[in-house]
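Take a look at the structure below.
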Amino acid sequence: LQAIEHMFYRRSMVVADSVTHITQHLQYQALHSISVAKKRVISDKKYSEQRLDVLSALVLAENTLNGPSTKQRRLIVSLALSVGTQMKTFKDEELIPLQLVLKKLDLISELTERIRAQCDCCFLYWHRAIFPIYLDDVYENAVDSARLHYMFSALRDCVPAMMHARHLESYEVLLECYDKEIMEVLNEHLLDKLCKEIEKDLRLSVHTHLKLDDRNPFRVGMKDLAHFFFLNPIRFFNRFIDIKAYVTHYLDKTFYNLTTVALHDWATYSEMRNLATQRYGLSMTEAHLPSQTLEQGLDVLEIMRNIHVFVSRYLYNLNNQIFIERTSNNKHLNTINIRHIANSIRTHGTGIMNTTVNFTYQFLRKKFYIFSQFMYDEHIKSRLIKDIRFFREVKDQNDHKYPFERADKFNRGIRKLGITPDGQSYLDQFRQLISQIGNAMGYVRMIRSGGLHCCSSAIRFVPDLEDIVNFEELVKEEGLSEETQKAARQLDSVLSDLTRNFAEGTEYFKMLVDVFAPEFRSPKNMHLRNFYIIVPPLTLNFVEHSISCKEKLNKKNKSGAAFTDDGFAMGVAYILKLLDQYQEFDSLHWFQSVREKYVKEIRAVAKQQNVQSTNQDEKLLQTMNLTHKRLEVCLQEFELLYFSLSSARIFFRADKTAAEESQEKKEKEEETGKASNGDLSTSTPAEPVVK
């Protein structure tokens, strides 16, 4: 039906030209018949009123037929002839051809309206269920794809009837639902299937060497989907459905996304693009991604969104400034270093740095809540208060050193409070919490270093940072176009941003200390003041854990193996700074106490070895050697922790207490205030405005 209507529409110029000639010919035939009848009436000499009426009707019919064949004229002719055919003015053999001619005249004059009425497919609205079946059939056969135009034209015929809907406030709601339904069916039953099939075909064609499946067309058959891409865009409502553009966009998007995930596959996707152009005539967009890179680790955005997962799965190394994955199902572990972060910042822009620090702040808030709960626990608090009291009593006898045995006793005593199913005590979990806080701080440090790295690599093209020319002024002097001036202004703003960022570099650590410190030091959080006394048992716990992780490196099953976890040192240094307890912790002389204890034991074992070497007891000697080695390893681990903690303390200005810092800040403010007052006093009355 739609094909017939479209054929008449396409040939409407020829049809219009022919219709005038046909009408003219039919009018001539009708006029000839009427003139014969008229002569017959005139030749009859008998006069009567009826005969006069008949003659008048025939004359009227003649006059009306001499002109365009409009609806009104045809109606008048019909009425006139109904009068004019009275009194046997026409013979039977003349009347039937005349009626036939007039019928033809009606038909040819209303040709367009009749075709439209006959080809109207608005009944399809009630039979929409066949549309998905029809699309499946078109997809399967793929030869009648051109008929899709006719199908959508038929679906459009439903619209005029829907515009008379009375059951809704506005018929547009009905049209919108109809449009949405048809498009969903089209996407599901044709476009999406076509996209998947084309992608599959391209993949299998590129990977033929893998022999993934039987592609012999004589056995499995062949479907030529290229027919769909030769279709002109289909008009439906206020849109054009371009199948070729839809599939091209899908492939472009898929290939681009998959190339970004695995850059080493760029060549494969380039081949697939070329094949899509050759086989299906699709004009694909080039991805313009780097062909490969070794410097694109985990993205900053991904880490930022999942920072809680990141700090628990990665281990921080303070000296090399890298993060190493704790465990992985692959054969290798992921690492993240400054260059990865710098690349991410270059991709997303420097604005992401502040957002990342904000996310870290939100994360730290949650962790500090758990930290506070642990410190407030009655079992923990009572032990810590007892330990503080004990140290105050015995510090004069112990040369102001916190006893190793006391920390060891605390570490063992905590295990009695309960263990998790995987064998962890509460202190283990607390150590992990502090490590995660430290990892978050390490990440912030890396973000800052990455930002500076990114800025320095961008600014290296500027010849002299001290003397940067103003491009906008130079362009104006040369009298160049408005667009060039705009570009120069943009360049100036970029250069000023870069130089400012390169010169300053935001102190994120200071920000994160300032934001939490008042709360930590407030009287309502007095239970946190006991933290410094829990650090010795925590370090013991950490050293035990660290040694067991390093020993696992030499074993076949490496689950839980690690060689670095400086997040703990960072976490301890950060929390001590927040509580302003560096002096309290230093007063314990904890690391000196540990060193003395291990050195004393190592000497005792060495003495025993000398004694036993004369007795020739090999088993005992082996045991002694193992003990000696274990003590040295423990001492070395404590030394490493001490160095890491000392390094971490530098970031938080451990040399200054909170009171000293606030005093320094006041002095700076006073100096700047004096300087500004001095400037104002020496300036002339006109100058302040300029300043």
On the Cα set of segment 300-660, report Rg and Dmax in Å, please.
25.5, 100
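Between Gln592 and Leu1, what is 0.36 nm times their sequence separation minus the Cα-Cα distance? Round to one decimal in nm. Please list the in-between numbers first.
On the way: separation 591, 0.36 × 591 = 212.76 nm, distance 9.85 nm.
Result: 202.9 nm gained on full extension.
What's the longest uninterrupted piece of the chain once you rule out the chymotrypsin sites (Phe, Trp or Tyr not before Pro) that are loop residues per DSSP with at most 10 other Cβ within 10 Å?
Numbers: sites that count: Tyr47, Phe461.
Longest stretch, sites excluded: 48-460.
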Segment 573-608 versus segment 104-164: alpha-carbon centroid distance in Å:
89
Under the Karplus relation with 6.51, -1.76 and 1.60 and θ = phi - 60°, whole-Hz ³J(HN,Hα) for segment 428-436, x at Gly and Pro, equal 4, 5, 5, 4, 5, 4, 5, 4, 5
Amide H neighbours of Tyr314 under 5 Å, counting only residues 5+ apart in sequence or on other chains, H built in-plane at 1.01 Å?
Arg326
Provide, for q = 0.15, 0.19, 0.33 Å⁻¹, the log10 of I(q)/I(0) from a solvent-free Debye sum over equal Cα point scatterers in segment 331-380.
-0.65, -0.77, -1.09
Within segment 118-161, whose backbone N sits under 14 Å from a point 7 Å along Cα→Cβ of Glu188?
128-136
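Scan segment 104-210 for trypsin sites (Lys or Arg not before Pro) in coil per DSSP, keeping those whose Cβ has at most 10 other Cβ atoms within 10 Å, and list them by number. Numbers along the way, then the final one.
On the way: sites: Lys104, Arg114, Arg116, Arg128, Arg147, Arg156, Arg166, Lys180, Lys193, Lys196, Lys200, Arg203; in loops: Arg128, Arg166.
Those that pass, being in a loop and sparsely packed, are Arg166.
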Rounded to the nearest 10 degrees, what's the angle between the helix 567-579 long axis and the longest principal axis of the chain, both from Cα atoms, 0 to 90?
80
May I ask you to give the solvent-accessible area per residue for segment 1-119, in square angstrom, as obtained with a 1.4 angstrom probe?
69
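With every protein chain kept in place and ligands, DNA and RNA left out, what is the accessible area per residue of segment 457-504? Probe 1.4 Å, answer in Å². Kindly include the intermediate steps, with their values, before the conclusion.
On the way: 3750 Å² over 48 residues.
Spelled out: the 1.4 Å probe surface of segment 457-504, per residue, equals 78 Å².
Please compute the Kirkwood hydrodynamic radius over the chain, one decimal place, Å, based on all pairs of different Cα atoms. Walk me through the numbers on the way to the answer.
Details: mean 1/r = 0.0277 Å⁻¹.
Value: 36.2 Å, from the Cα pair sum.
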Net charge near Ile414: determine it from the other residues with C-beta under 14 Å of the C-beta of Ile414, scoring Lys and Arg +1 and Asp and Glu -1.
+3
Using each residue's phi in segment 174-179, evaluate 6.51 cos²θ - 1.76 cosθ + 1.60 at θ = phi - 60° and report the 3J(HN,Hα) Karplus result to the nearest Hz, with x for Gly and Pro.
5, 4, 5, 5, 4, 4
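In units of 2.2 N^0.38 Å, what is the alpha-carbon radius of gyration of segment 123-280? List each step's numbers first, then the result.
On the way: Rg = 19.1 Å, N = 158, 2.2 N^0.38 = 15.1 Å.
Dividing the Cα radius of gyration by 2.2 N^0.38 Å gives 1.27.
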Mind checking the angle between helix 130-141 and the chain's longest principal axis? C-alpha axes, 0 to 90 degrees, to the nearest 10.
80
For the chain, what % of the accessible area comes from carbon and sulfur atoms, probe 1.4 Å?
54
Backbone HN-Hα couplings from phi across segment 150-156 [Karplus 6.51/-1.76/1.60, Hz, Gly and Pro as x]:
5, 5, 5, 5, 5, 5, 5
Determine the gain in length on full extension of the stretch Val633-Leu75; use 0.36 nm per residue of separation and subtract their C-alpha separation, reporting nm with one decimal.
189.3 nm
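Grab the Cα-Cα distance for Val143 and Ala517, subtract it from 0.36 nm times how many residues apart they are, and report the gain in nm with one decimal.
On the way: separation 374, 0.36 × 374 = 134.64 nm, distance 7.42 nm.
Contour length minus the Cα-Cα distance gives 127.2 nm.
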Along the principal axes of its C-alpha atoms, what lengths does segment 29-139 span, in descending order and rounded to whole Å?
78, 26, 21
If amide H atoms are modeled at 1.01 Å from N in the peptide plane, then the residues at a separation of 5 or more from Ile322, or on another chain, having amide H under 5 Å from its own are Asn317
Rounded to 0.05, the calculated FRET efficiency for the beta carbons of Glu473 and His127 at R₀ = 56 Å is 0.15
Using only the Cα atoms of segment 285-368, each taken as one equal point scatterer with no solvent, compute I(q) by the Debye sum, divide by I(0), and report log10 of the ratio at q = 0.12, 0.19 Å⁻¹.
-0.42, -0.98
What FRET efficiency comes out for the pair Leu480/Asn554, r = Cβ-Cβ distance, R0 = 60 Å, nearest 0.05?
0.30
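Please work out the ratio of the alpha-carbon Rg of segment 389-532 to 2.2 N^0.38 Å and round it to two decimals.
Numbers: Rg = 27.8 Å, N = 144, 2.2 N^0.38 = 14.5 Å.
Against the empirical 2.2 N^0.38 Å value, I get 1.91 for segment 389-532.
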Taking amide H atoms as placed 1.01 Å from N in the peptide plane, list the residues 5 or more away in sequence, or in a different chain, whose amide H sits under 5 Å from that of Arg235.
Ile241
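The values are calculated or read from the model by the stated rules, or taken from the named source; none is laboratory data. The structure displayed is predicted, hence computed values, not measured ones. All Cβ positions, glycine included, derive from the backbone under ideal geometry; neighbour counts span all protein chains shown. Each accessible area value is taken on the protein alone, full model and side chains, heavy atoms only, with ligands, DNA and RNA left out. Shrake-Rupley method; radii C 1.70, N 1.55, O 1.52, S 1.80 Å.
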